[in-house]
1. All but one of (1) farther than 22 Å from Leu123 by Cβ; (2) surrounded by fewer than 16 Cβ atoms within 10 Å (Cβ to Cβ); (3) in contact (Cβ under 8 Å) with a residue 24 or more places away in the chain hold for Ala13; state the number of the condition that does not hold.
2. Within the stretch 41-76, which residues are out of contact with any Leu (no Cβ under 8 Å at 6 or more places or on another chain) and aromatic (Phe, Trp, Tyr)?
3. Mind counting the residues in the stretch 14-58 that are out of contact with any strand residue (DSSP E or B) (no Cβ under 8 Å at 6 or more places or on another chain), assigned to a helix (DSSP H, G or I) and more than 18 Å from Ile111 (Cα to Cα)?
4. Between Thr47, Thr92, which is surrounded by fewer than 18 Cβ atoms within 10 Å (Cβ to Cβ) and closer than 20 Å to Lys19 by Cα?
5. Give the stretch 148-168 a look and list any residue that's at pLDDT 90 or above, not in a loop (DSSP other than H, G, I, E, B) and not hydroxyl-bearing (Ser, Thr, Tyr), or say none.
6. So, of the residues in the stretch 73-130 that are basic (Lys, Arg) and assigned to a helix (DSSP H, G or I), which turns out to be nearest to Lys142 (Cα to Cα)?
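The values are calculated or read from the model by the stated rules, or taken from the named source; none is laboratory data. Since the model is a prediction, treat every value here as computed from it, not as a measurement. Don't worry about glycine lacking a Cβ; one is built from the backbone with ideal geometry, like all the others, and counts go over all protein chains shown.
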Amino acid sequence: MNLNDHIRYSIRAHQFHPKTLQNSFRLWDKKTPYFIHPLWCAMTILTETALPPAIRRYGAITLLYHDVLEDTTMKLPPGIPHAIRAYINDMTFYGGITEEMLMIWRKQPTIRLFKLYDKVSNLLDASWMPAKLRKTYTAYTKKLALDVKNNFGTLNITAIAQTVFMPA
């Protein structure tokens with residue numbers, strides 16, 4: 001499969017095979033198609049010229065599928081490389097954000113890098129979050145951003161994260 005095929009598969013999974021109706025739209029407006037989220041994550045990592053091409057390429061595919069297992073009834077397509085399947089599985093926490101915030105630190109730095117794209121994207125449209133959840137989510141994302149900066153240096157995503165953390 002090429003990148004376009006992966007994009008189409010991800011869109012189809014989220015648009016036509018969500019586990020619940022809520023899984024087909026972003027929570028902030030309940031209109032924006034959910035697939036915008038994995039697309040944003042994938043396209044943003046592809047712009048990270050400071051990362052090696054292999055991390056960008058594998059990261060983009062991983063991020064396109066990172067919510068498919070949790071939020072849709074579709075399985076991953078055949079032919080996805082084992083390493084990407086492993087990344088997707090490592091990014092998947094069926095116990096939700098509480099489990100994720102505890103277990104993410106046991107994962108390799110590359111998984112935490114990919115998670116930062118996921119969390120920053122969620123914070124960009126987090127107006128739906130209750131204040132307490134947003135505070136917890138932001139604190140967690142700040143820790144991820146620091147970890148990513150320590151492991152990968154300053155990246156576009158760490159700069160974007162810093163602007164998301166600034167008070168309005």
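1. Single failed check for Ala13: (2).
2. Selection gives Tyr58 alone.
3. Residues that pass the stated criteria total 4.
4. Testing whether each residue is surrounded by fewer than 18 Cβ atoms within 10 Å (Cβ to Cβ) and closer than 20 Å to Lys19 by Cα leaves just Thr92.
5. Passing the criteria: Val148, Lys149, Asn150, Asn151, Phe152, Asn156, Ile157, Ala159, Ile160, Ala161.
6. Among residues in the stretch 73-130 that are basic (Lys, Arg) and assigned to a helix (DSSP H, G or I), the one nearest to Lys142 (Cα to Cα) is Lys119.
Let's see how each residue does on (1) within 15 Å of the chain's Cα centre (by Cα); (2) under 25 Å from Asp5 (Cα atoms); (3) of a type in the set (Gly, Ala, Ser):
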{"site": "Val68", "(1), (2), (3)": "yes, yes, no"}
{"site": "Arg106", "(1), (2), (3)": "no, no, no"}
{"site": "Tyr117", "(1), (2), (3)": "yes, yes, no"}
{"site": "Leu124", "(1), (2), (3)": "yes, no, no"}
{"site": "Leu133", "(1), (2), (3)": "no, no, no"}
{"site": "Tyr137", "(1), (2), (3)": "yes, no, no"}
{"site": "Tyr140", "(1), (2), (3)": "yes, no, no"}
{"site": "Ala145", "(1), (2), (3)": "yes, no, yes"}
